[in-house]
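Peer 1: Have a look at the structure that comes next, please.
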Amino acid sequence: LVVFCVYSLSVGFAAVNREIHHAEIYAVSRKAVPTPSAVRKSKVAKCNSSDVALTLTPAASSFGVGGTLDFTTGVRYDGANKAGCLIDMSATNVVLTIRSGGSVVWKSNLCPVDADYRLIAKGDKVEGSITWPGVRSGSGCTEDQSTLPKVEKGVYSAQISLAKDAKAKSEPVGITVE
């Protein structure tokens, strides 16, 4: 009976002690998240003029003053690397430039947009679209392009190029504004 009483008291004290020190026993320790030491980068190169051929196709050869014109852009892989290359298909990189004579009338890359990287390899062709709102762009970004001056009647030249590689460009396409 004495052994039973001693055993019961010791189990009781242990239970009470566990309840008193519960937070210490089950405490969660927090450590700072380590800062990454290096950013992983793809081993696939970015496309340049020797890797791609650019094409530009207008939806129509002419449109009226105050109208808009849609263009289909094409980027075909012509490189020799089996791994292919990465191309940013956003309007920041595949730039549509409208010219009148030697003057630039409008460019598609004045307003920032998110990158749109695509991996292209032998036989791949990626298409995109850019709309020219039929206006003259300023020197900076204008979100509401309807406030910009409309172009006059005349003949314009449209061409796409890669923003960071001036050698990569399509053949110019003639557009008439009536």
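The values are calculated or read from the model by the stated rules, or taken from the named source; none is laboratory data. Values in this document were obtained by computation on a predicted structure and should not be read as measured data. Cβ placement follows ideal geometry from the backbone for every residue including glycine, while neighbour counts extend to all protein chains displayed. Quick note on the areas: whole protein, heavy atoms, side chains included, nothing else; ligands and nucleic acids left out. Shrake-Rupley method; radii C 1.70, N 1.55, O 1.52, S 1.80 Å.
Peer 1: Conditions first: (1) out of contact with any Gly (no Cβ under 7 Å at 6 or more places or on another chain); (2) surrounded by fewer than 20 Cβ atoms within 10 Å (Cβ to Cβ); (3) modelled with pLDDT of 95 or more; (4) closer than 13 Å to residue 54 by Cα. Residue 125 passes all but one, so which condition is the exception?
Peer 2: (1)
Peer 1: Conditions: (1) modelled with pLDDT under 70; (2) β-branched (Val, Ile, Thr); (3) open to solvent by less than 100 Å² (accessible area, probe 1.4 Å). Residue 11 meets all but one. Number of the miss?
Peer 2: With respect to (1) modelled with pLDDT under 70; (2) β-branched (Val, Ile, Thr); (3) open to solvent by less than 100 Å² (accessible area, probe 1.4 Å), residue 11 is out only on (1).
Peer 1: Same structure, new question: Looking only at segment 57-86, count how many residues are within 28 Å of residue 136 (Cα to Cα) and within 20 Å of the chain's Cα centre (by Cα).
Peer 2: Residues that pass the stated criteria total 5.
Peer 1: Let me ask you something else. As an exercise: evaluate residue 55 against (1) at pLDDT 90 or above; (2) β-branched (Val, Ile, Thr); (3) outside any strand (DSSP E or B) and give the number of the one condition it does not meet.
Peer 2: For residue 55, the failing item is (3).
Peer 1: A further question on this structure: Could you tell me which residue of segment 135-162 is most open to solvent (accessible area, probe 1.4 Å), considering only residues that are among the charged types (D, E, K, R) and in contact (Cβ under 8 Å) with a residue 40 or more places away in the chain?
Peer 2: Going through the qualifying residues, I end up with 153.
Peer 1: Anything in segment 39-52 that is open to solvent by less than 70 Å² (accessible area, probe 1.4 Å) and not in a strand (DSSP E or B)? List them, or say none.
Peer 2: Passing the criteria: 44, 45, 47, 48, 49, 51.
Peer 1: Of the conditions (1) over 21 Å from the mean Cα position of the chain (by Cα); (2) touching a residue at least 60 places away in the same chain (Cβ under 8 Å); (3) surrounded by fewer than 20 Cβ atoms within 10 Å (Cβ to Cβ), residue 165 fails just one. Which one is it?
Peer 2: Against the list (1) over 21 Å from the mean Cα position of the chain (by Cα); (2) touching a residue at least 60 places away in the same chain (Cβ under 8 Å); (3) surrounded by fewer than 20 Cβ atoms within 10 Å (Cβ to Cβ), residue 165 comes up short only on (1).
Per-residue answers, yes or no, for (1) of a type outside the set (Val, Ile, Thr); (2) under 23 Å from residue 53 (Cβ atoms):
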site	(1), (2)
90	yes, yes
119	yes, yes
132	yes, yes
151	no, no
171	yes, yes
178	yes, no
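Peer 1: Does segment 61-76 include one or more residues that are surrounded by 12 or more Cβ atoms within 10 Å (Cβ to Cβ) and either under 19 Å from residue 44 (Cα atoms) or basic (Lys, Arg) (or both)?
Peer 2: There is at least one residue in segment 61-76 that is surrounded by 12 or more Cβ atoms within 10 Å (Cβ to Cβ) and either under 19 Å from residue 44 (Cα atoms) or basic (Lys, Arg) (or both).
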